[in-house]
Amino acid sequence: MSASDPIGIFDSGLGGISVLLSLMAELPHERYVYFADSAWCPYGSRSTTEIQNRSLAITRFLLAHEAKAIVVACNTATAAAIDLLRDTFSIPFIGIEPAIKQAALHTRSGKVGVLATRNTFQGRLYQETSARYANDKQIFVQIGDGLVEIVEEDRIETPEAEELLRRYIEPMIASGVDQIVLGCTHYPFLISQIQKIVPPGVIVHNPAPAVARQTHRVLENEALLAAKGPGRSKFFSSGDTTEFDRLIRRLALDTSGAVQISL
Ligand code: DGL
């Protein structure tokens, strides 16, 4: 493993690209190998064992591509598998979890809304973080069923997406939350719709920039920061790559396209 090796990053699908964009801004000299587990998406309702097995297989794949560190750009996979990954492999892993601490620090109403998948809410990390940082706050939990599929199938700018988001977010607003935590890496892609619903003064939290800063710190501590670059990043998916390629073009990422690979 050396500093010139790429950073591995994975998600159940395309959501982790929202984290990749923050990583590219924070660490522009790095190369990245991104794996979207689209054939198994969504992870939100899969069993812990299934998500752990997928995370192990994807990590082995990223290691075969010489990843020097891996960003688990999925709250659900972090909740289910990060302890196992750290116990199994010797490279550094950086996970993502809902930004409860940040929201608890900013709230004036004492009420915080969190939108995430069922598995993220059930994980030890979420339980511990909310107990540690938001014990004296009221937390309004909402499972975002259907939102991951909307992002994966690029149905973002549709009345259906807006309607579903209204159903999830309006009750939180009516209850007085002034912070909304996006606890799934797919949700930042819905920000244009979310902003139509959220009144001014309500802060929407996306933890991706903090994850990018944490990745920077970890690589620096391990003397693994790339000295020059960027080289070309690589994109893989276990499923159909049509939507992935469309997103790559829309974001003007420097690659000829995503490669389908079955793991
Ligand atoms: N992007 C994943 C997350 O952050 C989505 C999980 C899913 O596939 O349901 O949780």
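Per-structure values
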| quantity | calculated |
| --- | --- |
| D (Stokes-Einstein, µm²/s), Kirkwood Cα radius, the range 176-261, 0.692 mPa s at 37 °C | 203 |
| For the chain, the longest site-free run once GluC sites (Glu not before Pro) in DSSP loop states with at most 16 other Cβ atoms within 10 Å are removed | 67-152 |
| Diffusion constant of the range 1-141 at 25 °C, which comes from Stokes-Einstein with the Kirkwood Cα-pair radius and 0.890 mPa s, µm²/s | 155 |
| Per residue Cα convex hull volume in Å³ - calculated over the range 120-263 | 176 |
| Degrees, to the nearest 10: 208-221 long Cα axis against longest axis of the chain | 40 |
| Sequence-distant aspartates and glutamates (8 or more away, or on other chains) whose Cα lies within less than 13 Å of LYS137 | ASP178 |
| Net +/- balance of residues flanking ARG217 in space, Cβ distance below 15 Å, scoring K and R +1, D and E -1 | -2 |
| Geometric extent, Cα atoms of the chain - Rg, Dmax (angstrom) | 17.7, 51 |
| Solvent-free Debye scattering, log10 I(q)/I(0), computed from the Cα coordinates of the range 22-71 at q = 0.18, 0.26, 0.32 Å⁻¹ | -0.68, -1.02, -1.21 |
| Nearest 10 degrees, 0 to 90: helix 17-26 Cα axis against the chain principal axis | 70 |
| Cα-centre dipole for the chain with unit charges at Cβ (Lys and Arg positive, Asp and Glu negative), debye to 20 | 540 |
| The range 1-151 - accessible surface per residue (Å², probe 1.4 Å) | 38 |
| Out-of-range pairs (alpha-carbon distance over 26 Å; input LYS68/LYS228; LYS68/LYS234; LYS101/LYS234) | LYS101/LYS234 |
| Helix 75-88 vs. the chain, principal-axis angle (Cα, 0 to 90°, nearest 10) | 40 |
| Top positive-direction residue, dipole computed over the range 1-70 with Cβ charges, set ALA69, PRO42, ILE7 | PRO42 |
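The values are calculated or read from the model by the stated rules, or taken from the named source; none is laboratory data. Not measured: the values here are computed from a predicted model. With ideal geometry, Cβ positions are generated from the backbone for all residues, glycine too; neighbour counts draw on all protein chains shown. Each accessible area value is taken on the protein alone, full model and side chains, heavy atoms only, with ligands, DNA and RNA left out. Shrake-Rupley method; radii C 1.70, N 1.55, O 1.52, S 1.80 Å.
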